[in-house]
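**Q** Have a look at this one before I ask anything.
The values are calculated or read from the model by the stated rules, or taken from the named source; none is laboratory data. Computed from a prediction, not measured in an experiment: that's the story for all the values here. Here the Cβ is made from the backbone with ideal geometry for all residues, glycine too, and neighbour counts use every protein chain on show. These accessible areas exclude ligands, DNA and RNA; they are computed on the full protein's heavy atoms, side chains included. Shrake-Rupley method; radii C 1.70, N 1.55, O 1.52, S 1.80 Å.
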Amino acid sequence: EWGHPSDNLGGILATADWLSRTRVAEGKAPLTMADVLVAMVKAHEIQGVLALENSFNRVGLDHVVLVKVASTAVVTHMLGGTRDQVIDAVSQAWVDGQSLRTYRHAPNAGSRKSWAAGDATSRAVRLALITMSGEMGYPGVLSAPKWGFYDVLFKGNQFALHQGYGSYVMENVLFKISYPAEFHAQTAVECAMKLHAQVKGRLEEIDRIELTTHESAIRIISKVGTLNNPADRDHCLQYMVAVPLIFGRLIAEDYEDDVAADPRIDTLRGKMVVQEDKRYSREYLEADKRSIANAIQIFFKDGSHTAKVEVEYPVGHRRRREEGIPLLVEKFQRNLATRFPAKRVNDILALCQDGPRLAATPVHAFMDLLVI
């Protein structure tokens, strides 16, 4: 299953801030950012390990179910929940109504996908709070015949869990650094950027564009036909390749109507042939690789063609940490600057780059830095 474990930060950080301020008001020691970071490792691990071998999108459910489950578990523990209370709260998360993937796919792709995870992590806090107030749990929520999650929503299958909980997910997390693109397309965009200089003056001469990718990309983001809105476009592999081929960039504004109206984009989309490389699909799932490979080759009407450009690991991948981390810090600084004055940007950046000082910082003091 694909997912974004960082979405759990919404519930974790809000809860930690509230707990920290409450403790200070009672004359007790506040929570520190070390507590937040430990909670985030736990949330990443819960969501990620559940996602490793269990595909919720194949049964039509959105991955934010795992945000809700992970946030519920961790937030209940943060609130002082016992083991039994954590189990009760998590049972509430599974028995809750689950989001369909309707809003991520044509013809219904829409802006809900931008707030679905926030909704899930906030719902988790609600479930944790009512459990802590004494609400009962449901021991058979997954396995109950006919009425349990497995029979109702998972085609009768049980979850496959062949890995314990440690820190594997956090250590292997992918950072979305370079492009505002659905992650299955990140390496495709890198390929398109490399080809831009060769094709920008020959767009009308292109006969076909061969996109070689992995099965998940084909299932989730390969789209033909009309794209109705920005949410539709930023989950379309072909659109995310066409834009950098034409313009040599892919930024958030490129999904808006004015850019999408450029007829060259749909012309190029119409010339794209998407095909699966079985090795790409296999290595996407292999624990020691987790590649997200794409390749592009462009053929012209005169019979000439570009080289086949292949990128197997995106810049945010663990295998490209040395290259990616400086870019990640630069992106963080650039985005801080859209909201805060220069001195505040420098203060936040300096704190976040000093591990021991960040870990010791009270949560409410960290949050105060984010307020103007």
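**Q** Against the definition (open to solvent by 20 Å² or more (accessible area, probe 1.4 Å) and touching a Phe, Trp or Tyr at 6+ places or on another chain (Cβ under 9 Å)), how does residue 254 come out, yes or no?
**A** On the way: open to solvent by 20 Å² or more (accessible area, probe 1.4 Å): no; touching a Phe, Trp or Tyr at 6+ places or on another chain (Cβ under 9 Å): yes.
The answer is no for residue 254.
**Q** State which residue is nearest to residue 355 (Cα to Cα) when the search covers only region 18-52 and only residues that are touching a residue at least 12 places away in the same chain (Cβ under 8 Å) and among the basic types (Lys, Arg). Walk me through it before giving the result.
**A** Looking only at region 18-52, we keep the residues that are touching a residue at least 12 places away in the same chain (Cβ under 8 Å), and these are 19-21, 24, 30-37, 39-52.
Filter once more, keeping what is among the basic types (Lys, Arg): 21, 42.
On the way: 21: 22, 42: 19 Å.
Going through the qualifying residues, I end up with 42.
**Q** Continuing with the same structure: Can you list the helices (runs of 4 or more DSSP H) lying wholly within region 110-194 that have 2 or more residues being under 23 Å from residue 96 (Cα atoms) and either in contact with a Leu (Cβ under 9 Å, 6 or more places away or on another chain) or open to solvent by less than 30 Å² (accessible area, probe 1.4 Å) (or both)?
**A** Counting at least 2 such residues, we get 116-132, 149-153.
**Q** Within region 301-315, track down each residue that is among the aliphatic types (A, V, I, L, M) and either part of a helix (DSSP H, G or I) or open to solvent by 50 Å² or more (accessible area, probe 1.4 Å) (or both). Full working, then the answer.
**A** Here is the first cut: in region 301-315, the residues among the aliphatic types (A, V, I, L, M) are 307, 309, 311, 315.
Of everything in region 301-315, just one residue is among the aliphatic types (A, V, I, L, M) and either part of a helix (DSSP H, G or I) or open to solvent by 50 Å² or more (accessible area, probe 1.4 Å) (or both), namely 307.
**Q** I've got another one for you. Select from region 214-237 the residues that are charged (D, E, K, R), outside any loop (DSSP other than H, G, I, E, B) and either in contact with a Phe, Trp or Tyr (Cβ under 8 Å, 6 or more places away or on another chain) or surrounded by fewer than 20 Cβ atoms within 10 Å (Cβ to Cβ) (or both) and list them in ascending order. Step through it out loud before you land on a result.
**A** Keep residues of region 214-237 that are charged (D, E, K, R), which gives 215, 219, 223, 232-234.
In the following step, the residues that additionally are outside any loop (DSSP other than H, G, I, E, B) were identified as 215, 219, 232-233.
Once the filter is applied, which keeps residues that are charged (D, E, K, R), outside any loop (DSSP other than H, G, I, E, B) and either in contact with a Phe, Trp or Tyr (Cβ under 8 Å, 6 or more places away or on another chain) or surrounded by fewer than 20 Cβ atoms within 10 Å (Cβ to Cβ) (or both), region 214-237 yields 215, 219, 233.
**Q** Against the definition (hydroxyl-bearing (Ser, Thr, Tyr), in a helix (DSSP H, G or I), within 22 Å of the chain's Cα centre (by Cα) and over 22 Å from residue 112 (Cβ atoms)), how does residue 284 come out, yes or no?
**A** Values: hydroxyl-bearing (Ser, Thr, Tyr): yes; in a helix (DSSP H, G or I): yes; within 22 Å of the chain's Cα centre (by Cα): yes; over 22 Å from residue 112 (Cβ atoms): yes.
Here the answer is yes, as residue 284 does meet what is asked.
**Q** Take the residues in region 316-362 that are in contact with a Ser or Thr (Cβ under 8 Å, 6 or more places away or on another chain) and in a helix (DSSP H, G or I); name whichever of them is surrounded by the fewest Cβ atoms within 10 Å (Cβ to Cβ).
**A** Within region 316-362, the match that is surrounded by the fewest Cβ atoms within 10 Å (Cβ to Cβ) is 360.
**Q** A follow-up question, please. Exactly one of (1) open to solvent by less than 20 Å² (accessible area, probe 1.4 Å); (2) outside any helix (DSSP H, G or I) is unmet by residue 65. Its number?
**A** (2)
**Q** If you go through region 300-330, how many residues are of a type in the set (Ser, Thr, Tyr) and at pLDDT below 95?
**A** At the first step, the residues of region 300-330 found to be of a type in the set (Ser, Thr, Tyr) are 304, 306, 313.
Pick out the ones that are also at pLDDT below 95 and you get none.
Residues that pass the stated criteria total 0.
**Q** Restricting to region 23-55, name every residue that is in contact with a Pro (Cβ under 9 Å, 6 or more places away or on another chain) and surrounded by fewer than 18 Cβ atoms within 10 Å (Cβ to Cβ). Spell out how you get there, then give the answer.
**A** Applying the first criterion (in contact with a Pro (Cβ under 9 Å, 6 or more places away or on another chain)) to region 23-55 yields 23-24, 29-33, 40, 43-48, 51.
Result: 23, 24, 29.
**Q** Being of a type in the set (A, V, I, L, M) and farther than 21 Å from residue 58 by Cβ is true for just one of 127, 142, 100. Which residue is that? Outline the logic, then answer.
**A** Numbers: 142 fails: farther than 21 Å from residue 58 by Cβ; 100 fails: farther than 21 Å from residue 58 by Cβ.
Sole residue among the options that is of a type in the set (A, V, I, L, M) and farther than 21 Å from residue 58 by Cβ: 127.
**Q** Moving to a separate point now. If you go through region 86-98 one residue at a time, do you hit one that is under 30 Å from residue 255 (Cα atoms), part of a loop (DSSP other than H, G, I, E, B), in contact with a Phe, Trp or Tyr (Cβ under 9 Å, 6 or more places away or on another chain) and open to solvent by less than 10 Å² (accessible area, probe 1.4 Å)?
**A** Filtering region 86-98 down to residues under 30 Å from residue 255 (Cα atoms) leaves 98.
From what's left, part of a loop (DSSP other than H, G, I, E, B): 98.
Restricting the remaining residues to those that are in contact with a Phe, Trp or Tyr (Cβ under 9 Å, 6 or more places away or on another chain) gives 98.
When the remaining residues are screened for being open to solvent by less than 10 Å² (accessible area, probe 1.4 Å), the result is none.
No, region 86-98 contains no residue that is under 30 Å from residue 255 (Cα atoms), part of a loop (DSSP other than H, G, I, E, B), in contact with a Phe, Trp or Tyr (Cβ under 9 Å, 6 or more places away or on another chain) and open to solvent by less than 10 Å² (accessible area, probe 1.4 Å).
**Q** Turning to a different aspect of this structure: Tell me, yes or no, whether region 281-300 has at least one residue that is exposed (fewer than 13 other Cβ atoms within 10 Å of the Cβ) and basic (Lys, Arg). Steps first, answer last, please.
**A** At the first step, the residues of region 281-300 found to be exposed (fewer than 13 other Cβ atoms within 10 Å of the Cβ) are 286-288.
Subsequent filtering for residues that are basic (Lys, Arg) retains none.
No.
**Q** Now, a different point. Residue 204 - would you say it is open to solvent by 60 Å² or more (accessible area, probe 1.4 Å) and either in a loop (DSSP other than H, G, I, E, B) or within 20 Å of residue 41 (Cα to Cα) (or both)? Working first, answer last.
**A** Working: open to solvent by 60 Å² or more (accessible area, probe 1.4 Å): yes; either in a loop (DSSP other than H, G, I, E, B) or within 20 Å of residue 41 (Cα to Cα) (or both): no.
Taking the combined requirement at face value, the residue does not satisfy it.
**Q** Let me ask you something else. With the requirement that a residue be within 21 Å of the chain's Cα centre (by Cα) and part of a helix (DSSP H, G or I), what does region 238-275 give you?
**A** 238, 239, 240, 241, 252, 253, 254, 255 - these are the residues of region 238-275 that are within 21 Å of the chain's Cα centre (by Cα) and part of a helix (DSSP H, G or I).
**Q** I've got another one for you. From the list 291, 216, pick out the single residue that is among the hydroxyl-bearing types (Ser, Thr, Tyr), out of contact with any strand residue (DSSP E or B) (no Cβ under 8 Å at 6 or more places or on another chain) and modelled with pLDDT of 95 or more.
**A** Values: 216 fails: modelled with pLDDT of 95 or more.
The unique qualifying residue is 291.
**Q** Next up: Which condition number in (1) touching a Ser or Thr at 6+ places or on another chain (Cβ under 9 Å); (2) among the hydrophobic types (A, V, I, L, M, F, W, C); (3) farther than 18 Å from residue 181 by Cβ is the one that residue 231 fails?
**A** Exception for residue 231: condition (3).
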